[in-house]
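As structure tokens, the structure follows; a few thoughts come after it.
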Amino acid sequence: MSALGIHRTLEDMRAQVAAWKAQGLRVGLVPTMGALHAGHLSLVEAIAQNADKVIVSIFVNPTQFAADEDLDIYPRQEADDLAALQNTQTDAVFAPSAAHMYPEGFATTIAMDGPALGLESDERPHFFGGVALIVLKLLIQTQTDVAIFGEKDYQQLRVIQTMVADLNLPVEIMAGAIMREADGLAMSSRNVYLSAEQRKIAAQLPVILKQLAHSPAPIAVAEAEAKKALLAAGFTKVDYACIRDAETLAVPDANTVSRRALIVARLGKTRLLDNCPAV
Ligand code: AMP
């Protein structure tokens, strides 16, 4: 790996990308909100197989947080993140400020239907507008050839794939597999919010997800059983536990080719997301 360049302005980032492109190099982007863990690093490793130069963006995007959410306390640990990236195939970090990304007078929003409807949007109506806006900005800003998103945020992945197709953006979107802790809990920057007791309960989430995904029962029955099991395990609230069409994220119908099991359950204020292919 060459020395890790840190770019805080668009001009600076673009100059680096232009220099790479002038050499005919293929550029990849891993968008993150920092607080990096092995899940993020696995995306770097995966995209490095498909790009000559890898940019990791670190930006806690305010437009995807509602006023009562955790924007202010979201873990920010840039020095640790940069240290973690030193041992990877990352060539550059793009870490702009919020004022740089959303200057005074910023007025554009993005609205999406299709896979953005329901699930996360039922709980967080502002969320995919904010995600689509920042991802679109990052893709345009970096002029990247390929970008990677984790299946951990499966609905987000489908939203981005759909946006890129709808807007004919000249970028390839890759999907990264979910990285898990030894006990199966999907890695997440928000896992640090969990107390020791909550952390034990959290490990039940992937177990119940697997049962839901493989249940031979009718969908409504399997979903109700999963919800009951989550509450019995100690989760405070179940935002959803469901089987959906893996492409559209709508309720499966006769046209459904593959299905996905998705769960979001809360432990206190912490929302835990997980998903996997369903039979
Ligand atoms: P975040 O920083 O949480 O916004 O996540 C940045 C990217 O990392 C997104 O594409 C996530 O889907 C992905 N990601 C988060 N957690 C994991 C995980 N456990 N395994 C793989 N990718 C992940």
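In table form, for the structure just shown:
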| read-out | value |
| --- | --- |
| Rounded to 10°, Cα long-axis angle of helix 154-166 versus longest principal axis of the chain | 50 degrees |
| Segment 171-229: C-alpha gyration tensor shape, a/c 1.5 cut-off, then a/b vs b/c | oblate |
| Helix-derived mean residue ellipticity, 222 nm - over the chain, DSSP H n ≥ 4, -39500 (n - 2.57), to 500 | -11000 deg cm²/dmol |
| For residue 239, distant residues with modelled amide H under 5 Å away | 264, 265, 266 |
| For residue 29, residues with placed amide H under 5 Å, excluding near neighbours | 55, 146, 147, 148 |
| By average C-beta atoms within 10 angstrom, highest first, the peptides 79-87, 263-271 | 263-271, 79-87 |
| Pair residue 4, residue 113: separation of 7 Å Cα→Cβ label points (nm) | 4.4 nm |
| Alpha-carbon centroid distance for the pair segment 105-179 / segment 15-86, whole angstrom | 15 Å |
| Acute angle (nearest 10 degrees) that the helix 38-48 long axis makes with the longest principal axis of the chain, alpha-carbon atoms | 50 degrees |
| Dipole axis of segment 5-176 (+1 Lys, Arg; -1 Asp, Glu on Cβ), positive-most option in 167, 13, 157 | 13 |
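Rule-based calculations on the coordinates, nothing more; no lab input. This one's a predicted model, so the numbers in the text were calculated from it and none came from an experiment. All Cβ positions, even for glycine, are placed from backbone atoms using ideal geometry, and neighbour counts span all protein chains on display.
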